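Report on the structure given below.
All of the numbers you see were taken from the coordinates with simple rules; none came from a lab. These numbers come from a predicted model, not from an experiment. No Cβ is skipped: glycine too gets one built from the backbone with ideal geometry, and neighbour counts run over all protein chains shown.
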């Protein structure tokens, strides 16, 4: 197996992949079997109250956060998979990008973002940022044990199944492309394959500026993806949630012979599974899911970018975190 892009061993640390959400330990255990006449009235009232609380919680929104606009691509996938749910999205644009920050800074910023979402009453949080998932997910779960968390992981496993040539490319941020968690994913799921990882931080800049199409965008993409194309890869993993916002332009640049994949649909399936397991799916399938968009920076600019990424008019509110 060859892993290209990890030459600087000083960049590699013993950090393991941020896995999908683990099942929460707080799921209510209904010990209600047996003859109802034998149960104490107080217990029946307690059971009824807990069932009502569960129904109320199921109507709570799903929280999603990212360092900026990238997580909107995950939000889009979630809304396709779970259209009846309400969503609250937070883009921490005042501190974007996370990829240039230390692990301690990323963790603290992620804690602040989750604190804001929890104050809004969310029932589950999707960490729609690869960098934050790698750096902060374990701390988030330990700090807020009552909240189910779902993190984002580069789609290395499905890429290993899709490749015909045994040659996979991974485009990520500089930090994520050299992270130990990505190397661990490659060891776990792509052993024996040729894997090439490159950092493309300039793509984050394009998305945050709302530049998703055009000759200048395609020229930047040709330069960014050249190291992967020259390695004759036939699958490219978009290892940053910003990058799927550029998917149409990316697919034109890399050509039809290369499959481009990301984690969006997998996160949608995983979120559905966790909500179903916890009994937290929205109970009314006729409900048209509501959407709130917040950002910590320039709300007007973020509204324009979010409207382009999501394909619908968005008015973002400013969050002071």
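When a/c reaches 1.5 or more, the comparison of a/b and b/c decides; with that in mind, is the stretch 245-321 rounded, prolate or oblate per its Cα gyration tensor? Let's see the in-between values first.
Numbers: a/c = 2.27, a/b = 1.11, b/c = 2.04.
The shape class here is oblate.
Just the projected area, averaged over all directions, of the convex hull on the alpha carbon atoms of the stretch 170-321: how many nm²? Mind dumping the intermediate values first?
Details: hull surface 47.6 nm².
Computing the convex hull of the Cα atoms and averaging its projections yields 11.9 nm².
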**Fill in**
For the stretch 181-220, the percent of all C-alpha pairs falling in each 5 Å bin, from 0 up to the bin holding the max distance, is 5, 19, 21, 11, 9, 15, 15, 5
**Fill in**
Mean projected area, convex hull of alpha-carbon positions in the stretch 96-193, reported to one decimal in nm², is 7.0
**Request:** Along each of the three principal axes of the Cα atoms of the stretch 143-258, give the extent in whole Å, ordering the values from largest to smallest.
**Result:** 46, 35, 21
**Item:** Per-residue Cβ neighbour rank within 10 angstrom, fewest leading, 79, 269
**Value:** 269, 79
